[in-house]
1. What list of ³J(HN,Hα) couplings, whole Hz, do you get for region 66-78 from phi and the Karplus terms 6.51, -1.76, 1.60, once you set θ to phi - 60° and write x for glycine and proline?
2. Mind putting a number on the dipole of the chain about its Cα centre? Charges go on the C-beta only, +1 for Lys and Arg and -1 for Asp and Glu, and I need it in Debye to the nearest 20.
3. Excluding same-chain residues fewer than 8 positions from residue 16, which lysines have a Cα within less than 29 Å of its Cα?
4. If R₀ is 25 angstrom, what is the calculated FRET efficiency for the pair residue 128 and residue 40, using the beta carbon separation as r and rounding to 0.05?
5. Among 15, 93, 48, flag the residue with its Cα farthest along the positive direction of the charge dipole of the chain, charges on Cβ as +1 for Lys/Arg and -1 for Asp/Glu.
6. Could you work out the mean projected area of the convex hull around the alpha carbons of the chain, in square nanometres to one decimal?
Amino acid sequence: MKKCPYCKTLTTNEAKTCPNCLHDLSEINPMPDPINKKFSSQIYFMIFGFLISFGGLVATLSQRSNYLHFLDLAKKDGLNSEEIRKYLDLANHYQFKMIMMIVLSSIGIIVLLIGVVLFFIKLVRRFKKQNSD
């Protein structure tokens, strides 16, 4: 593509004059090909998978801390059975949340691995295409 320096109209590389203002474009060099700034889907998979798995890991550690805290409270001496049951219920609640965060992390790791596999498939195809040419 060529860009007219006078009216900024984009034209084809073969154009000798600007179709808009009719100035001579024979001395104008073509613009370099634009860099494709769009990430490929493989990169999105890897980034999204990493963020999900990392967030799930952080949340798992937080829920584990809460789980252990309430489990320790339930083991204290001098508590009646209702207080122990309350602390154990809270510990079970945080244990469930911890398991859900582990599942979330696992899903993130799977998405990350899908992105890596797709990336390598793309590299292999590109390598095969270059070798066949």
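Here, each number is a calculation from the coordinates, and none is a lab measurement. Keep in mind the model is a prediction, meaning the values are calculated, not measured. Cβ coordinates were reconstructed from backbone atoms using ideal geometry, including for glycine residues, and neighbour counts include every protein chain displayed.
1. Per residue, the Karplus-derived 3J(HN,Hα) values read 5, 4, 5, 4, 6, 5, 5, 5, 5, 8, 5, 6, x Hz.
2. 400
3. Qualifying lysines at Cα under 29 Å: 2, 3, 8.
4. 0.90
5. 15
6. Values: hull surface 60.5 nm².
Seen from a random direction, the Cα hull of the chain projects 15.1 nm² on average.
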